[in-house]
1. Can you name the residue in the stretch 17-40 that is hydrophobic (A, V, I, L, M, F, W, C) and surrounded by fewer than 19 Cβ atoms within 10 Å (Cβ to Cβ) and, of all such residues, is modelled with the lowest pLDDT?
2. Does the stretch 170-224 hold any residues that are more than 21 Å from Val159 (Cβ to Cβ) and either touching a His at 6+ places or on another chain (Cβ under 7 Å) or assigned to a loop (DSSP other than H, G, I, E, B) (or both), and which are they?
3. Limited to the stretch 118-166, what total is found for residues that are of a type in the set (Lys, Arg), more than 27 Å from Arg10 (Cβ to Cβ) and in contact with a Gly (Cβ under 8 Å, 6 or more places away or on another chain)?
4. Kindly list the number of the only condition in (1) crowded, with 21+ Cβ neighbours inside 10 Å; (2) closer than 17 Å to Phe247 by Cα; (3) polar (S, T, N, Q) that fails for Gln149.
5. Only one residue in Gly167, Gly193 is out of contact with any strand residue (DSSP E or B) (no Cβ under 8 Å at 6 or more places or on another chain) and at positive phi, so which one is that?
6. What are the residue pairs meeting all of these: first residue in the stretch 33-58, first residue farther than 12 Å from Val98 by Cα, second residue buried (at least 17 other Cβ atoms within 10 Å of the Cβ) and among the acidic types (Asp, Glu), Cβ atoms under 6 Å, and 6 or more apart or on different chains?
7. Out of (1) over 15 Å from the mean Cα position of the chain (by Cα); (2) among the acidic types (Asp, Glu); (3) buried (at least 19 other Cβ atoms within 10 Å of the Cβ), what's the single condition that is false for Glu175?
8. Which of the residues belonging to the stretch 106-137 are within 24 Å of Leu28 (Cα to Cα) and in a loop (DSSP other than H, G, I, E, B)?
Amino acid sequence: MPHAIDDTARSLHQWWDQGAVAPARPLLVIGGPCVLESDDLNRRIAETMKAACDTAGATFVFKASFDKANRSSISSDRGPGLDAGLQQLASIRETFDVPVLTDVHESGQAGPVSEVVDIIQVPAFLCRQTDLLAACGATGTPVAVKKGQFLSPAEMRNVLEKLRESGCTRMMATERGTFFGYHRLVNDFVGLGDLQDIASEFKAPLCFDVTHSTQLPGGEGTMSGGRPDRAALLARAAVAAGVEAVFLETHPDPPSARSDRATVLPLEEAASLIESLAGIRGVLGR
């Protein structure tokens, strides 16, 4: 069962329920480290990103994974695990009064995760897993599902339908790039428009995963490479195209990040980007 509907959850639900009309919804920024790290680092990121969103008039959701189950190498850092990770997320939520998001990889994780977080995320590689989607949808917690790199936009209708049939009333579709060739993702903005149309059928906001869209999967052998220098360009283009949420992974020192060090944005760069993205969103709403 989801946690009690307190003011933090209620504010997020209000954002969700405002409808897909641009003036009604401010930009939602989902941001944080790829994987949970030390309490001090997690809090530094949460504090910085929340302040930037408050200044820009955007809605902030802190994100981080308790387990990265799909790392390139078996020796890669996977995170603190379910119990310790949920404790860290609960602390962030309470300390900064912000909604939190994390991803799940197994059906059995959906229940305990829903008792702590405000959004459950289904990773791209698992977006077709019926049992996982059904377990997440049945919790009553909002669910964000990333479009698999191997799916066409049209195929996401089946994914969202599984969530709806499982009882999910607040869902979000996330674009994160499509496989183009070895170690390369491409963002198809015609497809983004198609996905936006499909999401609207389910009254689901559309999110654009900025940092994973710059990823070069497996491009460095035992880890993925990336093109973070193009993150801001993609983010601005996506918000101008009408997406209502962006997903940004960030770290104060990317080379030392425990996961996705090739794509996470430097913290100050991510924070400064929010102002311009919220400005573009605001222009669309006029």
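1. Residues of the stretch 17-40 hydrophobic (A, V, I, L, M, F, W, C): 20-22, 24, 27-30, 34-36.
Checking which are surrounded by fewer than 19 Cβ atoms within 10 Å (Cβ to Cβ) leaves us with 20-22, 24.
Values: Ala20: 49, Val21: 48, Ala22: 45, Ala24: 65.
By that ranking, first place goes to Ala22.
2. Scanning the stretch 170-224 gives Tyr182, His183, Thr214, Leu216, Gly218, Gly219, Glu220, Gly221, Thr222, Met223, Ser224.
3. To start, the set of residues in the stretch 118-166 that are of a type in the set (Lys, Arg) comprises 128, 146-147, 157, 162, 164.
From what's left, more than 27 Å from Arg10 (Cβ to Cβ): 128, 147, 157.
Next, only the ones that are in contact with a Gly (Cβ under 8 Å, 6 or more places away or on another chain) stay: 128.
Number satisfying all stated conditions: 1.
4. Looking at each condition in turn, Gln149 falls short on (1).
5. Gly167
6. Cys34/Glu249; Cys34/Asp260
7. (1)
8. So the first thing to find is which residues in the stretch 106-137 are within 24 Å of Leu28 (Cα to Cα), and the list is 110, 113-127, 133, 136-137.
Glu115, Val116, Val117, Asp118, Pro123, Cys127, listed by residue number.
The values are calculated or read from the model by the stated rules, or taken from the named source; none is laboratory data. All of these numbers come straight from a predicted model, not from anything done at the bench. In this analysis, Cβ positions are derived from the backbone assuming ideal geometry, glycine residues included, and neighbour counts consider all displayed protein chains.
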